[in-house]
1. Identify, from the list R139, R154, the residue that is more than 30 Å from L64 (Cα to Cα), outside any loop (DSSP other than H, G, I, E, B) and of a type in the set (K, R).
2. Would you check which residues across region 198-222 are part of a loop (DSSP other than H, G, I, E, B) and within 25 Å of D54 (Cα to Cα) and list them?
3. Collect the residues in region 47-73 that are farther than 24 Å from G96 by Cβ and part of a loop (DSSP other than H, G, I, E, B), keeping them in residue-number order.
4. Please work out which one of (1) on the phi < 0 side of the Ramachandran plot; (2) modelled with pLDDT under 95 is the condition D44 fails and give its number.
5. In this structure, does A166 turn out to be assigned to a loop (DSSP other than H, G, I, E, B), closer than 24 Å to E104 by Cα and among the small types (G, A, S)?
6. Out of region 47-84, which residues are aliphatic (A, V, I, L, M), more than 16 Å from D27 (Cβ to Cβ) and free of Cβ contacts under 8 Å to residues at least 60 places away in the same chain?
7. Out of the residues in region 74-95 meeting the condition of being assigned to a loop (DSSP other than H, G, I, E, B) and of a type in the set (G, A, S), tell me which one is modelled with the highest pLDDT.
8. Among the candidates A204, A136, single out the residue that is out of contact with any Gly (no Cβ under 7 Å at 6 or more places or on another chain), among the hydrophobic types (A, V, I, L, M, F, W, C) and over 16 Å from L87 (Cα atoms).
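The values are calculated or read from the model by the stated rules, or taken from the named source; none is laboratory data. What you see is a predicted model; the values in this text were computed from it and never measured. Heads up, the Cβs are rebuilt from the backbone with ideal geometry, glycines too, and the neighbour counts pull from every protein chain shown.
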Amino acid sequence: MKNWLRENRSILVFLLCLGVFRTAVADWNPIPSGSMRPTLLEGDVVLVNRLAYDLKFPLTDIALARISDPRRGDLVTFSSPRDGTRLIKRIVALPGDVVEMRNEVLFINGKAAEYIEQALVPEPLEQGGEIQALKATERIGGTDRTVQFLPSVRAKRSMGPLVVPADSYFMLGDNRDNSADSRYIGVVPRRLLIGHAHRILVSADTLGNWHPRFDRIGRELR
């Protein structure tokens, strides 16, 4: 055993350093579902900055120092407050905000979002085939993002009003009618945030032929 450790010491040190790096500094996150379409597609792998908000002790949720505050519109990875599953969603409401949805329209502090540049697009299904989706630019609180709705899918289209508690955030998926977000799992405490997803590293068409999507590699997320 000692000889094996001595012979493989450099590899073990590298793996240890990589593990610490991934749990404390930067990480990558594969996208397994369509909950963030059209911003993120199944088969995208995103780069996550773990130092965007807090410096945490490796392998824990213990924050050693606050670096910056999450902003409305940020794409974040976090551990689900319901079962600990790692998820990626968008922050739409900050601590103290009053958030509400009325028949798909998002309200923040009583102000309704605008939905511009609307267009009908085909949406692929995991089991094959397509359904119709309504894609639009959602504008609210000084931020814009592309979202989509699935009129033929049963979903939770109204909720609230809800006051977001201190040190917590309300998350929504950009694919509003196909996302298990804060409408279902509740608000997300800051301690469960993992990091800020800001760029696509690589991408492959997992619903088709697994061909690389070169046009998505390196794309900045917003």
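1. Values: R154 fails: outside any loop (DSSP other than H, G, I, E, B).
Answer to the check: R139.
2. From region 198-222, those part of a loop (DSSP other than H, G, I, E, B) are 205-211, 213, 217-219, 221-222; that's our starting set.
Result: G218, R219, L221, R222.
3. Listed by number, the residues that qualify are R50, L51, F57, P58, L59, T60, I62.
4. Unmet for D44, out of (1) on the phi < 0 side of the Ramachandran plot; (2) modelled with pLDDT under 95: (2).
5. Numbers: assigned to a loop (DSSP other than H, G, I, E, B): yes; closer than 24 Å to E104 by Cα: no; among the small types (G, A, S): yes.
Taking the combined requirement at face value, the residue does not satisfy it.
6. Start the filter on region 47-84 by keeping residues that are aliphatic (A, V, I, L, M), which leaves 47-48, 51-52, 55, 59, 62-65, 67, 75-76.
Next cut, more than 16 Å from D27 (Cβ to Cβ) only: 62-65.
The answer is I62, L64, A65.
7. Step one: of region 74-95, the residues assigned to a loop (DSSP other than H, G, I, E, B) are 74, 80-85, 94-95.
Then drop every residue that is not of a type in the set (G, A, S), which leaves 80, 84.
Numbers: S80: 97, G84: 94.
Checked region 74-95; the qualifying residue modelled with the highest pLDDT is S80.
8. Values: A204 fails: out of contact with any Gly (no Cβ under 7 Å at 6 or more places or on another chain).
Sole residue among the options that is out of contact with any Gly (no Cβ under 7 Å at 6 or more places or on another chain), among the hydrophobic types (A, V, I, L, M, F, W, C) and over 16 Å from L87 (Cα atoms): A136.
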